[in-house]
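The values are calculated or read from the model by the stated rules, or taken from the named source; none is laboratory data. All values derive from a computational prediction rather than experimental measurement. As a convention, Cβ positions derive from the backbone with ideal geometry for all residues, glycine included, and neighbour counts pool all protein chains shown.
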Amino acid sequence: MYSFVTLLKKEILRFWKVGFQTVMAPVLTALLYQMIFSHVLSQHVEAYPGVSYTAFLIPGLAMMSMAQNAFANSSSSLIQSKITGSIVFLLLPPLSAPAFFGAYLLASIVRGLAVGAGVLLVTAGFGLPLPAQPLWLLAFAVLGCGVLGALGIMAGIWADKFDQLAAFQNFLIMPLTFLSGVFYSINSLPPLWRGVSHLNPVFYMIDGFRYGFFGQADVSPWLSLAVVGGCFVALSAWLMRLIVSGYKLRH
Amino acid sequence: MTHAISIDAVSKRFASLQALDRISFTVEHGEFFALLGPNGAGKTTLISAMAGLSRADSGRIRIMGLDTVTETRDARMKLGVVPQELVFDPFFSVRETLTFQSGYFGIRRNDAWVDELLHKLGLTDKANVNMRALSGGMKRRVMVAQALVHRPPVIVLDEPTAGVDVELRQSLWTFVKELNAAGHTIVLTTHYLEEAEALCSRIAMMKKGRLIALENKDTLLSRSAAREVSLQLSGELPASLRPLYLRQQDGRHILALPDISQLERVLGELRLAAVEVRELTVHETGLEQVFVKLMHGGQA
Ligand SMILES: Nc1ncnc2c1ncn2[C@@H]1O[C@H](COP(=O)(O)OP(=O)(O)OP(=O)(O)O)[C@@H](O)[C@H]1O
Ligand SMILES: [Mg+2]
């Protein structure tokens, strides 16, 4: 148990020491998106009845930033320690698989939530209401970061080189997060693309997170919860088995 | 009766390469043991298998009687390994590194022992310096400290003195000898054979994944021609001394000297042949000669 706490502390400290780059930078990026899109599209029709496009955009941007940073945290930490070899200091002690997995996961969630809170803070002035359903909000924030943090662990364990990780990030994570209804309500899409969006788990994270703010969304929050929660449980179970087997970590 | 380390028919392949070929030996409690062999012999591979960093294809390894596969957690608590490669986490200071490492072993408040380790390894004034800012030798010392945070009874050092200056090498050995005297079992790999000769009581030699020698240091040393004499002569080596001839080196003749009393005879023959001795030195054969002989396939 204490070994888990130690690794968690180390992982949090690792990104916090370079917080300018790991927290401030993505917050600034989200703010730029918000300024540009709300300027260009402020005359856009209301996304939902009574919800302006500018307000609609904020939770999507926040969730997208959380997702990307949760992924970046575990994946970059793992690949760095694999490439430098310092991962050996985690493989020599009797760290259990749940401690290893849990610490990387939780640190990713913490970074994701820190970035999310930052994004909401700097964009709230664009007309964000107080959350209608704070519990739903929190549930989707944590679970969304959890899914992407777990994906980051998987990518970090699997990749042997930085460019493999970059490929994972650019060809999987970026499309999934961008094509998830961050910038639009998928109900405005043609039926084919609406159907495709429904296959993207990140869509459910964002939709559920939006529900937390507006009390309305494209699909039922229960459906979103089932999809995101299901992804999280399945991914975690699979990763735990991978870690126990020593895949790519113990040759 | 358990052993500090017991290695039983351990094999490991990397694709077509047999990195370990049915290695078996034991190391007893409190021993100072050397594991020697040329580059690629399989020393690090064997150590990785002991530490659970890699998995042997077959065979068993026990640390203090604990199976490294079925009793992983307990076995790891008993083992401290200093890896061969120089690695470090650039985000943290020396003290943070050691405190985290203690935590991974489940040890909460370890400051007193960490302070002592820092002191013994000459790192006290670097405690709050970032790892990145340390020289290579100092990073190596931190790695030694990291291997010892949990006071393991068995300590394995994989070439701890590579890239380390003379002074640290001395102080490191003093410290390791102290640990050994306090009852810790030490296993050492090194390419500085005089270190192994000076420190270790028992020696294993590996070559191409096989164990080719395993003996007390003294037995191993006595198995080779015990001494050599190097002579610079005014003329040719007399034919009567040909049987002792080993090689020519820097214009000197090197003769085997199975026994020191043979020196008398060598000098007698030279006088008889009217060959003058300009310079004479007698060498004790060291581990290095035994090592070279064994590695070239010949029996020592
Ligand atoms: N992960 C690996 N994949 C493939 N081959 C490997 C791997 N690790 C080691 N080997 C090979 O196994 C053999 C033994 O390597 P090992 O590192 O154990 O040698 P060593 O005795 O420690 O040598 P050195 O004195 O150079 O450290 C070498 O031929 C090496 O190339
Ligand atoms: Mg080696």
| query | Pairs, please: C-beta under 8 Å, at least 6 apart or cross-chain, first residue farther than 28 Å from B:Val176 by Cα and in region B:15-36, second polar (S, T, N, Q) and within 15 Å of ligand 1 (Cβ to nearest atom)? | reply | B:Gln18/B:Ser11; B:Ala19/B:Thr45; B:Asp21/B:Ser11; B:Arg22/B:Ser11
| Yes or no: B:Arg55 over 18 Å from the mean Cα position of the chain (by Cα) and either part of a loop (DSSP other than H, G, I, E, B) or under 18 Å from B:Gly183 (Cα atoms) (or both)? | yes
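Can you tell me which residue is farthest from A:Gly85 (Cα to Cα) among those in region B:70-84 that are assigned to a loop (DSSP other than H, G, I, E, B) and within 11 Å of another protein chain (Cβ to nearest Cβ)? Give the steps one after another, and end with the answer.
Here is the first cut: in region B:70-84, the ones assigned to a loop (DSSP other than H, G, I, E, B) are B:70-71, B:78, B:83-84.
Within this subset, residues satisfying the condition of being within 11 Å of another protein chain (Cβ to nearest Cβ) are B:71, B:78, B:83-84.
Details: B:Glu71: 25, B:Lys78: 22, B:Pro83: 10, B:Gln84: 11 Å.
Filtering first and then ranking leaves B:Glu71.
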| Taking helices (runs of 4 or more DSSP H) that fall entirely within region A:41-145, which contain at least 1 residues that are hydroxyl-bearing (Ser, Thr, Tyr) and surrounded by fewer than 21 Cβ atoms within 10 Å (Cβ to Cβ)? | A:53-84
| request: Report, ordered by the first and then the second residue, all pairs with beta carbons closer than 8 Å, sequence separation of six or more or different chains, a first member in region A:74-86 that is on the phi > 0 side of the Ramachandran plot, and a second member that is outside any helix (DSSP H, G or I). | output: A:Gly85/B:Pro83; A:Gly85/B:Glu85; A:Gly85/B:Val87
| request: State yes or no: is B:Gly106 away from ligand 2 (no atom under 14 Å from the Cβ), assigned to a loop (DSSP other than H, G, I, E, B), at pLDDT 95 or above and within 12 Å of another protein chain (Cβ to nearest Cβ)? | output: yes
| query | Where residues in region B:13-45 are assigned to a loop (DSSP other than H, G, I, E, B) and more than 14 Å from ligand 2 (Cβ to nearest atom), which of them is nearest to the chain's Cα centre (by Cα)? | reply | B:Glu31
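How about region B:108-143: which of its residues are among the aliphatic types (A, V, I, L, M), under 19 Å from B:Arg169 (Cβ atoms) and touching a helix residue (DSSP H, G or I) at 6+ places or on another chain (Cβ under 7 Å)?
In the first step, residues of region B:108-143 are kept if they are among the aliphatic types (A, V, I, L, M); the result is B:112, B:114, B:117-118, B:121, B:123, B:127, B:129, B:131, B:133-134, B:138, B:142-143.
From the residues that got through so far, the ones that are under 19 Å from B:Arg169 (Cβ atoms) too are B:117-118, B:121, B:123, B:134, B:138, B:142-143.
Listed by number, the residues that qualify are B:Leu117, B:Leu118, B:Leu121, B:Leu123, B:Leu134, B:Met138, B:Val142.
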| field | Number of positions in region B:122-173 that are closer than 19 Å to B:Ala4 by Cβ, of a type in the set (D, E, K, R) and assigned to a helix (DSSP H, G or I) | value | 0
| remark: Subset of region B:1-12, residues more than 14 Å from chain A (Cβ to nearest Cβ) and within 14 Å of ligand 2 (Cβ to nearest atom), comes to none
